[in-house]
Amino acid sequence: VKVGGYDIPKGSNVHVNVWAVARDPAAWKNPLEFRPERFLEEDVDMKGHDFRLLPFGAGRRVCPGAQLGINLVTSMLGHLLHHFCWTPPEGMKPEEIDMSENPGLVTYMRTPLQAVATPRLPSHLYKRVAVDI
């Protein structure tokens, strides 16, 4: 098989540089800019056929739980943003937060994010109420 001008011998393991694909200006408009809405604006196939998006694999080996994972993360993030006001720790300004990456097999933040979550609603609204069914 020939890929990108290279001969790949049968039985070879090929690793895709997902980090590079996610930052490729030929694949994404302004790839280094944080714009989550790009997935709503651009036609991105989340089912594993669009090789610009590979966190769940692709093709016939795509993760069968990909949509569930995306839905759960979206729901959890929505709940966290809806129920809490988020601020930096006391004495830290938002512009001082280090958002740089520590790239590797899995990309994570170079400096762990610290934030203070304050409930948006009065505490009595969060109490459980017994219900007989």
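Quick note: the coordinates plus some simple rules give every number you see, no bench work behind them. Treat the numbers as computed from the prediction; the structure is a model and nothing was measured. FYI the Cβ positions are ideal-geometry reconstructions off the backbone, even for glycines, and counts take in every protein chain you see.
Side notes on the structure shown:
- Dipole magnitude (debye, nearest 20) for the chain, charges at Cβ of Lys, Arg, Asp, Glu: 440 debye
- At q = 0.15, 0.16, 0.18, 0.19 Å⁻¹, base-10 log of I(q)/I(0) for the chain (Debye sum, equal scatterers on each alpha carbon): -1.04, -1.13, -1.30, -1.37
- Tensor-based shape of the range 62-108 (alpha-carbon gyration tensor, a/c under 1.5 rounded, otherwise prolate or oblate): oblate
- Once the Cβ-Cβ distance of Met99 and Asp43 is raised to the sixth power relative to R0 = 30 Å, the FRET efficiency obtained is 0.60.
- Label-point separation, Val3 to Val131 (7 Å along Cα→Cβ), nm: 5.1 nm
- Spin-label pair Glu33/Ser12, simplified geometry with 7 Å Cα→Cβ offset, distance in nm: 3.7 nm
- FRET efficiency for Leu68 and Thr111, using Cβ-Cβ distance with R0 set to 22 Å, rounded to 0.05: 0.10
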